[in-house]
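Down below is the structure, laid out as structure tokens.
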Amino acid sequence: MTQSGDHRPIGIFDSGIGGLTVAQAIQQALPHERLLYFGDNANVPYGAKTNVEILRLSRGITRALLERDCKLIVIACNTASAAALKPLRAELPEVTFVGMEPAVKPAAEHTRTGVVGVIATVATVQGEVFTSIVERFAQDVKVIKQACPGLVLQIEAGEYATPKTEAMLRGWLEPMVAAGIDALVLGCTHYPFVRPLIERIVGPQVRVIDPAPAIARRVEHVLRGTGALAGDDRSGGMHCFTSGVPEFFRGVLQHLGMTDAHVGQGHWAGNELTLSYTSPRI
Ligand code: DGL
């Protein structure tokens, strides 16, 4: 048993509920850690915003999480990672960040057909980070990238399996299957909410890759490397904040079976975000 350790929380954020899929993987891998999650539901979707705007929001969120004494910041959003991770690391060199990037490498290693697919937001597929990942990890593989505008909002609306969501997904995925993909990367942390529907459309011959467990392993590796893991004599837990409606957020947590979390309110005032512990346990 590791006594004591560093019991400051891990800060995690996303444009909305998507990063909860990452938080859940971190909670499963590191049950003794305390998690502070912020979902910027008032500003979702980030995928349709400019990099300047995404950086402004990510900076405000990072500062609010650091004020709550977070020992590590996980940007549980591919879009915010692509736009803000590099500048935030330069601005805050003393802070440890873990970001997301589309899991092109495992897809390229898995493929037998030589064709892999990536679905993500418009901002992610158009960004320089995406181009550089493909250049680094998928030189001998054909990568079909597909932006899915509107899908994040469908998921935020709880439309995980409605005919409209299915029609949207079929429009993007069926051409990729016809082009021979045998691996599909979920390049947005919202998309695991519709994974059952995606798997039904692409069929069993296509491996669907969600990077959340790999991100959880990365968080563990980084904390272990800096001696900042919480002791296993401590109990973990999660406190969420949303700039949207806390009742809505509680419903999503219930859907994910994360019923042990608190939900508080986040308020934006210009560039400043304040997090207040207002609500009781769900
Ligand atoms: N979960 C975010 C991502 O991983 C969604 C971005 C958005 O709000 O459009 O990219």
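The values are calculated or read from the model by the stated rules, or taken from the named source; none is laboratory data. Quick caveat: nothing in here was measured; it's all calculated off a predicted structure. Quick reminder, even Gly has a Cβ in these numbers, built from the backbone with ideal geometry, and neighbours come from all protein chains shown. The area values use the complete protein model at the heavy-atom level, side chains included, leaving out ligands, DNA and RNA. Shrake-Rupley method; radii C 1.70, N 1.55, O 1.52, S 1.80 Å.
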>> Tell me the residue from V116, V129 that is outside any loop (DSSP other than H, G, I, E, B) and touching a residue at least 60 places away in the same chain (Cβ under 8 Å), please.
In response: V116
>> Cβ contacts < 6 Å: first residue over 17 Å from H221 (Cα atoms) and more than 12 Å from the ligand (Cβ to nearest atom), restricted to segment 58-79; second residue of a type in the set (D, E, K, R) and outside any helix (DSSP H, G or I), any location; separation 6+ or different chain. Result?
In response: D69/R8
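How many residues does segment 7-23 hold that are open to solvent by 10 Å² or more (accessible area, probe 1.4 Å) and within 10 Å of the ligand (Cβ to nearest atom)?
Going residue by residue through segment 7-23, those that are open to solvent by 10 Å² or more (accessible area, probe 1.4 Å) are 7-8, 21.
Still in the list and also within 10 Å of the ligand (Cβ to nearest atom): 21.
Matching residues across segment 7-23 total 1.
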> What tally of residues in segment 24-50 results from selecting those that are surrounded by fewer than 17 Cβ atoms within 10 Å (Cβ to Cβ) and either within 16 Å of the ligand (Cβ to nearest atom) or under 12 Å from the mean Cα position of the chain (by Cα) (or both)?
Replying inline: 3
> Looking at V95, V115, which one is open to solvent by 10 Å² or more (accessible area, probe 1.4 Å) and in contact with a Ser or Thr (Cβ under 8 Å, 6 or more places away or on another chain)?
Replying inline: V95
> Is segment 129-145 home to any residue that is within 30 Å of T226 (Cα to Cα) and open to solvent by 70 Å² or more (accessible area, probe 1.4 Å)?
Replying inline: yes
>> Just the residues that are more than 18 Å from P106 (Cα to Cα) and of a type outside the set (A, V, I, L, M, F, W, C), please, taken from segment 200-228.
In response: R200, G203, E220, H221, R224, G225, T226, G227
> Is it true that A123 is part of a helix (DSSP H, G or I), modelled with pLDDT under 95 and closer than 25 Å to I201 by Cβ?
Replying inline: yes
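Of all residues in segment 250-279, how many are open to solvent by 20 Å² or more (accessible area, probe 1.4 Å) and either under 18 Å from A157 (Cβ atoms) or in a strand (DSSP E or B) (or both)? Write out each step before concluding.
Start the filter on segment 250-279 by keeping residues that are open to solvent by 20 Å² or more (accessible area, probe 1.4 Å), which leaves 250-251, 254-257, 259-260, 262, 265, 267-272, 274, 276-279.
In the following step, the residues that additionally are either under 18 Å from A157 (Cβ atoms) or in a strand (DSSP E or B) (or both) were identified as 250-251, 254-256, 262, 265, 267-269, 272, 274, 276.
Residues in segment 250-279 being open to solvent by 20 Å² or more (accessible area, probe 1.4 Å) and either under 18 Å from A157 (Cβ atoms) or in a strand (DSSP E or B) (or both): 13 in total.
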> What are the pairs, 6+ residues apart or on separate chains, where a residue within segment 179-203 that is free of Cβ contacts under 8 Å to residues at least 24 places away in the same chain has its Cβ under 6 Å from a residue that is within 16 Å of the ligand (Cβ to nearest atom)?
Replying inline: E199/V208
> So which residues in segment 173-200 are open to solvent by 20 Å² or more (accessible area, probe 1.4 Å) and over 13 Å from the mean Cα position of the chain (by Cα)?
Replying inline: E174, P175, V177, A178, A179, G180, R195, P196, E199, R200
>> When you check G99 against the structure, is it more than 16 Å from the ligand (Cβ to nearest atom) and closer than 28 Å to V202 by Cβ, yes or no?
In response: no
